[in-house]
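**Q** Here it is, the structure in full.
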Amino acid sequence: MIREKSLFPLKMFAELNSILNTSPENFKQGEFILVSDRQSDASFLIHHFLSFYLRAGCKVCFLGLVQSFSHYSAVSQRLGVSLNQAREKGQLVFFEGLKESLGVLLQRNTSNGTPAVDFLRNSSSDLRGLYDFVRGNIRASEGQGEDWGPPVLLVDDLSVVLSLGVSVGAVLDFSHYCKATFCSELQGGMVMLVRCEAKEEEDEEESDEGSEQLLRGLTHQCSLTLQVQGLLTGYCRDIHGEVEVCWRGRCDSLQIQRKRFQYKVYDKGALFFARGTSSAVL
């Protein structure tokens, strides 16, 4: 997709865009990007993709399940993007899952609130209501004369619904239907974050029932993965961790390409560099 205009100033992760061979002016449509972290925090990538797609002029539906709107707004402001402006213009639809879920859990009258969190109100524990919310908001914007680009769904983070009683199968069904809508039908895109705990041999069987199983299932659905993990040597002031980028290709291609980089997060972005090339190790 090639777009000529941008609502926001250009301040972004130049190295990452170069690695992924993309830019807000020319990005790949129909992409499902899976971000995961282990012994590290990949939230900086969610903030990057949020600002990236807003700059690209896309209609963005953001499911913020772990932080408030004010948190994402403050971080985006440092990246040169105004979420308030994007929401007022109708470019951004933000679902504050933390607030909505808390409202249901603290109320005796479970009939109040949005149907998007119906999985907290009944024993079926599927995400049909959340999918209907996402699809409905994207469909509602059609035909309103706004010149937004293809729609994009961002989720931070999808694994949190497992702790709220939703099964791995139900979460995978949700991502499957979202992919069919955003990536195939509407030729937009998706970015989802999944958090995993550090692997330990004695906990391996238990982890299969949770985020590890979800991560494996989503990996089969996506076309690009960014796996963030901490350094095996522990904390380093000049290197915050490593990220493995894996291009999985399309259904008609079994070729998988992997590259591994180290990174350092700054207040207004991040730097990416080949392993062993940081000034801290030279």
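**Q** Go through the residues of the stretch 88-95 one by one and say whether even a single one is assigned to a helix (DSSP H, G or I) and either over 27 Å from TRP247 (Cα atoms) or at pLDDT below 95 (or both).
**A** The answer is yes, given that some residue of the stretch 88-95 is assigned to a helix (DSSP H, G or I) and either over 27 Å from TRP247 (Cα atoms) or at pLDDT below 95 (or both).
**Q** Listed residues SER73, SER23; which is open to solvent by 10 Å² or more (accessible area, probe 1.4 Å), out of contact with any strand residue (DSSP E or B) (no Cβ under 7 Å at 6 or more places or on another chain), modelled with pLDDT of 95 or more and not charged (D, E, K, R)?
**A** The unique qualifying residue is SER73.
**Q** Would you mind finding the one in VAL35, VAL66, VAL60, VAL81 that is crowded, with 23+ Cβ neighbours inside 10 Å, part of a loop (DSSP other than H, G, I, E, B) and in contact with a helix residue (DSSP H, G or I) (Cβ under 8 Å, 6 or more places away or on another chain)?
**A** VAL81
**Q** Here is a check on your reading of the model: is CYS246 open to solvent by less than 80 Å² (accessible area, probe 1.4 Å) and either charged (D, E, K, R) or at pLDDT below 80 (or both)?
**A** Taking the combined requirement at face value, the residue does not satisfy it.
**Q** Considering the stretch 86-101 alone, what residues qualify as being over 11 Å from LEU65 (Cβ atoms) and among the acidic types (Asp, Glu)?
**A** GLU88, the sole residue that qualifies.
**Q** Just a yes or no: is a residue in the stretch 103-119 modelled with pLDDT of 70 or more, touching a Ser or Thr at 6+ places or on another chain (Cβ under 6 Å) and of a type in the set (Phe, Trp, Tyr)?
**A** yes
**Q** Checking the structure you have, find out if any residue of the stretch 206-214 is over 16 Å from the mean Cα position of the chain (by Cα), surrounded by 15 or more Cβ atoms within 10 Å (Cβ to Cβ), charged (D, E, K, R) and at pLDDT below 90.
**A** No, the stretch 206-214 contains no residue that is over 16 Å from the mean Cα position of the chain (by Cα), surrounded by 15 or more Cβ atoms within 10 Å (Cβ to Cβ), charged (D, E, K, R) and at pLDDT below 90.
**Q** Could you check the stretch 28-82 and list, in sequence order, the residues that are out of contact with any Phe, Trp or Tyr (no Cβ under 8 Å at 6 or more places or on another chain) and of a type in the set (S, T, N, Q)?
**A** Scanning the stretch 28-82 gives GLN29, SER36, GLN39, SER40, SER43, GLN67, SER68, SER70, SER73, SER76, GLN77.
**Q** Here is a further query. Determine which single condition GLU200 fails, assuming it passes every other condition in (1) surrounded by 15 or more Cβ atoms within 10 Å (Cβ to Cβ); (2) modelled with pLDDT under 75.
**A** (1)
The values are calculated or read from the model by the stated rules, or taken from the named source; none is laboratory data. Being a predicted model, the structure only gives us computed values, none of them experimental. Here Cβ is always computed from backbone atoms with ideal geometry, including for glycine, and neighbour counts include all displayed protein chains. All accessible areas refer to the heavy atoms of the entire protein, side chains included, with ligands and DNA or RNA removed. Shrake-Rupley method; radii C 1.70, N 1.55, O 1.52, S 1.80 Å.
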